[in-house]
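Enquirer: So that we are looking at the same thing, I have put the structure below in structure tokens.
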Amino acid sequence: MKEIVQKELDSLFSLLDIDADYDFDIEENDGVSYLKISFTGNDLGYLIGNHGKHLESLQYILSMMLRNKLEEGCNYRVVLDVCGYKEERNKKIEHLALQKADDARILGEPVELSPMSPSDRRVVHMTLQVFDDIKTESVGEGEDRRVRIIPVSDKEILQDTDTGSEKEEEIEE
């Protein structure tokens, strides 16, 4: 797999006349192969683009190229980063998600975030999934798709806990 990914990545970069160094790693997690590619160097802002649009596009193009080359049924995600941009952006999104979750708890009503890309919405969902008193859902369509952060009442949490223990008892029998 690694050789195929490197070949396709080098091919894409030669076609786009991009000269940059990169580190490449494959991480396995829950049956998904994360193809993590990090670029380093000077003057690579053009790879990021306005609000990361070029980076998202390159990630999508590489993912489509690999879809044709990797064996069918191979579950993978391409993750491109340039000089730590994506990592820094994810930290900002995590911080925003935590702030808005607090707002939802205080107000006692759902809070909607502004429209986000699928990868940004995923960061919000992953960040907030550890809290029992908050649930998240994506709403809207296309470019207007956003995350809604919903506070869960103590009563709902208890019902989920009771339902969960009943299911566990059924499984044990």
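The values are calculated or read from the model by the stated rules, or taken from the named source; none is laboratory data. Given the structure is predicted, the values throughout are model-derived calculations rather than measurements. Please note: Cβ atoms are built from the backbone with ideal geometry, for glycine as well, and neighbour counts cover all protein chains shown. These accessible areas exclude ligands, DNA and RNA; they are computed on the full protein's heavy atoms, side chains included. Shrake-Rupley method; radii C 1.70, N 1.55, O 1.52, S 1.80 Å.
Enquirer: Let me confirm something: among 78, 82, which residue is surrounded by 14 or more Cβ atoms within 10 Å (Cβ to Cβ) and more than 18 Å from residue 121 (Cβ to Cβ)?
Expert: That would be 82, the only listed residue that is surrounded by 14 or more Cβ atoms within 10 Å (Cβ to Cβ) and more than 18 Å from residue 121 (Cβ to Cβ).
Enquirer: Okay, next question. For the stretch 133-145, what are the residues that are open to solvent by 50 Å² or more (accessible area, probe 1.4 Å) and outside any helix (DSSP H, G or I)?
Expert: 135, 137, 141, 145
Enquirer: Please specify each residue of the stretch 33-44 satisfying the condition of being surrounded by 12 or more Cβ atoms within 10 Å (Cβ to Cβ) and either in a strand (DSSP E or B) or free of Cβ contacts under 8 Å to residues at least 12 places away in the same chain (or both).
Expert: 33, 34, 35, 36, 37, 38, 39, 40
Enquirer: Residue by residue through the stretch 51-91, note down the ones that are basic (Lys, Arg) and within 13 Å of the chain's Cα centre (by Cα).
Expert: Of everything in the stretch 51-91, those that are basic (Lys, Arg) and within 13 Å of the chain's Cα centre (by Cα) turn out to be 77, 86, 89, 91.
Enquirer: Go through the stretch 13-32 and give me each residue that's open to solvent by 70 Å² or more (accessible area, probe 1.4 Å) and not in a strand (DSSP E or B).
Expert: Once the filter is applied, which keeps residues that are open to solvent by 70 Å² or more (accessible area, probe 1.4 Å) and not in a strand (DSSP E or B), the stretch 13-32 yields 14, 15, 16, 17, 19, 30.
Results for (1) assigned to a helix (DSSP H, G or I); (2) without any contact (Cβ under 8 Å) to a residue 60 or more places away in the chain; (3) closer than 24 Å to residue 121 by Cβ, shown as yes or no for each residue.
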| site | (1), (2), (3) |
| --- | --- |
| 11 | yes, yes, no |
| 57 | yes, yes, yes |
| 72 | no, yes, no |
| 86 | yes, yes, yes |
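Enquirer: Would you check which residues across the stretch 45-68 are among the aliphatic types (A, V, I, L, M) and within 20 Å of residue 8 (Cβ to Cβ) and list them?
Expert: Listed by number, the residues that qualify are 47, 55, 58, 61, 62, 64, 65, 66.
Enquirer: I want to confirm something. Restricting to the stretch 59-70 and keeping residues that are part of a helix (DSSP H, G or I) and hydrophobic (A, V, I, L, M, F, W, C), which single residue is most open to solvent (accessible area, probe 1.4 Å)? Step through it out loud before you land on a result.
Expert: Start the filter on the stretch 59-70 by keeping residues that are part of a helix (DSSP H, G or I), which leaves 59-69.
With the extra rule that they be hydrophobic (A, V, I, L, M, F, W, C), the set shrinks to 61-62, 64-66.
Numbers: 61: 74, 62: 0, 64: 58, 65: 42, 66: 0 Å².
Step by step, filter the stretch 59-70, then rank; the result is 61.
Enquirer: Looking only at the stretch 91-132, how many residues end up being under 12 Å from residue 151 (Cα atoms), open to solvent by less than 30 Å² (accessible area, probe 1.4 Å) and assigned to a helix (DSSP H, G or I)?
Expert: Total meeting the criteria: 3.
Enquirer: Suppose the filter is in a strand (DSSP E or B) and not hydrophobic (A, V, I, L, M, F, W, C); does residue 77 pass it?
Expert: Criteria met by residue 77.
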